[in-house]
1. Name the helices (runs of 4 or more DSSP H) wholly within the range 1-62 that hold at least 3 residues that are within 20 Å of Asn417 (Cβ to Cβ)?
2. May I ask you to list the residues in the range 137-182 that are within 22 Å of Ser309 (Cα to Cα) and of a type in the set (A, V, I, L, M, F, W, C)?
3. In this structure, is Ser353 assigned to a helix (DSSP H, G or I), over 22 Å from Arg409 (Cα atoms) and more than 20 Å from the chain's Cα centre (by Cα)?
4. Hey, could you check the range 379-438 for residues that are without any contact (Cβ under 8 Å) to a residue 24 or more places away in the chain and surrounded by 17 or more Cβ atoms within 10 Å (Cβ to Cβ) and say which is nearest to the chain's Cα centre (by Cα)?
5. Identify, by number, the condition in (1) surrounded by 16 or more Cβ atoms within 10 Å (Cβ to Cβ); (2) closer than 25 Å to Cys143 by Cβ that Asn79 doesn't meet.
6. Does any residue in the range 1-28 that is at pLDDT below 90 come within less than 9 Å, Cβ to Cβ, of a residue that is aromatic (Phe, Trp, Tyr) six or more places away or on a different chain, and which pairs are these?
7. When you scan the range 442-462, how many residues do you find that are surrounded by fewer than 16 Cβ atoms within 10 Å (Cβ to Cβ) and either in contact with a helix residue (DSSP H, G or I) (Cβ under 8 Å, 6 or more places away or on another chain) or part of a helix (DSSP H, G or I) (or both)?
Amino acid sequence: MRYDTFLDEVLSRVKDYLAEDGDLAKSRASKSLARTNDLKLPLEGSDLSSVLTDIDNYLANCVKTNHPNFMNPLWGGLNIAAFAGEIITTLTNTSMYTFELAPLASLIERSILTRMCEMVGFGDGGGTLTTGGSNGNMLGMLCARSRAEPLSQRRGIDGGNVVVYVSAESHYSVEMSANVLGIGLDNVIKVACDSDGRMRPDKLNEEIERSIQGGQKPICVIATSGTTVRGAFDPLVEISEICHQNQIWLHVDAAWGGSCLFSNEHANLMAGVEWADSVCWDAHKLMGIPLICSAFLIKDQAQLRKVCSHGDAAHYLFHDETESDDLGRLSLQCARRNDALKLFLAWRERGDSGWAKMVDGYMELAAYLESLIIESPHLEMMSSRQWTNVCFRYKGDEDVVLELNTEIRERLMVSGNYMISRSNIGDDVILRPVIANPGITKESLEGLIAEVIAHGEDIRRGIPVA
């Protein structure tokens, strides 16, 4: 098969995939999928026709994340301009370590980072695009470690002597970072939250004082702007004051909530972010850019350059005359794909006002879903709502309510009509739909609530799953 014919066939399948109103997902066990699909890698390859068959099979069995009933993770939907950027990025197949290989792409990434720094209040800041919020959080902690222990890059670090502080509801990547950086899980102090899931500044102060009295050195506070389960925003003004008083690096994990900065109405959720030292922000979450597209932003770019200076040894890549242009000097990665183009094209299409309209629209839909829950005698909210996370459950007696909501979520997955997350707040099992998908409508939210109630009633009556 000619490559142009093959590409026409692939594009035809892309169009059909976007046009069809098919199932969100087919509920299949791993063993069942393995039995019904040919996944063997052949000794002798075949032609492109067989590749089309494999593509058809994949599309028939994947979760349709642009479906209006997809509300499971902190992302969803499809941005066509960004999708085009993905195609061109793969077609040109460059890497972002040197200006020589990625001239315009390097300038595009710098332009994006400059704009995002302006939005968080880092007037002279910089940064890099990363593999995700987990990597961004690790970069923030690495910069904090370097500033607190300047020789740690050369000599390593005694993790027992340093501590970092996070919200009790922070993302697990903070612990991953502590593991990688030699700080250790025991030296990640989880600070108590208030009833809305936000870090308590008074408890942070107590933990810092306790660490100092115990002979340990506080080096970093990681505040969260948009927690994974509740969508809570830690109070950055108060936290930044504590950090400055104690000369502690403040990193803000805004992987999920950073997009609030586009909205005049909701930007106040991150009031005080300009006092932070570093921020991570995922464009592949609420902004709907295809995975992966994430930014690490830093107020003092020299600190980032310092922790990435090991790259200076790569004489086969980096040369003195291009030092100010090579983005690889600001990254922990060597080979790094061009994730800037898709965000650039989407931003050029939408503009700041388009992103603001999107954020405000998602918040309106989340408020509508909350109102449906409050109005229903069968349901109850399990947390206040600050962002587009909506945490609720089906009501039931205390001895059965956990199993009841677990079973409701399992039946939702079996039906394949809706996909939402099951999580925990304390010991309570909760259902957590997230509004981060442009396909979601009031009608799809009404359908979700109706199906949750129907499953709950069936379970209470002892009616088995269909």
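The values are calculated or read from the model by the stated rules, or taken from the named source; none is laboratory data. In this text, all values refer to a predicted model and were calculated from it rather than measured experimentally. Here the Cβ is made from the backbone with ideal geometry for all residues, glycine too, and neighbour counts use every protein chain on show.
1. Working: elements: 3-19, 30-36, 48-61.
By residue number, 3-19, 48-61.
2. Met138, Leu139, Met141, Leu142, Cys143, Ala144, Ala148, Leu151, Ile157, Ala178, Val180, Leu181, listed by residue number.
3. Criteria met by Ser353.
4. Step by step, filter the range 379-438, then rank; the result is Arg422.
5. Looking at each condition in turn, Asn79 falls short on (2).
6. Matching pairs, first to second residue: Leu24/Phe70; Leu24/Tyr418; Ala25/Phe70.
7. Pass one, the range 442-462, residues surrounded by fewer than 16 Cβ atoms within 10 Å (Cβ to Cβ): 442-443, 446-447, 450, 454, 457, 460-462.
Okay, now just the ones that are also either in contact with a helix residue (DSSP H, G or I) (Cβ under 8 Å, 6 or more places away or on another chain) or part of a helix (DSSP H, G or I) (or both), so 442-443, 446-447, 450, 454, 457, 460-461.
Of the residues in the range 442-462, 9 are surrounded by fewer than 16 Cβ atoms within 10 Å (Cβ to Cβ) and either in contact with a helix residue (DSSP H, G or I) (Cβ under 8 Å, 6 or more places away or on another chain) or part of a helix (DSSP H, G or I) (or both).
To keep it simple, each residue is scored yes or no on (1) over 30 Å from Met413 (Cα atoms); (2) in the same structural domain as Arg230 (by TED's automatic domain parsing); (3) modelled with pLDDT of 95 or more.
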residue	(1), (2), (3)
His67	no, no, no
Asp124	yes, yes, no
Gly132	no, yes, no
Glu149	yes, yes, no
Arg154	yes, yes, no
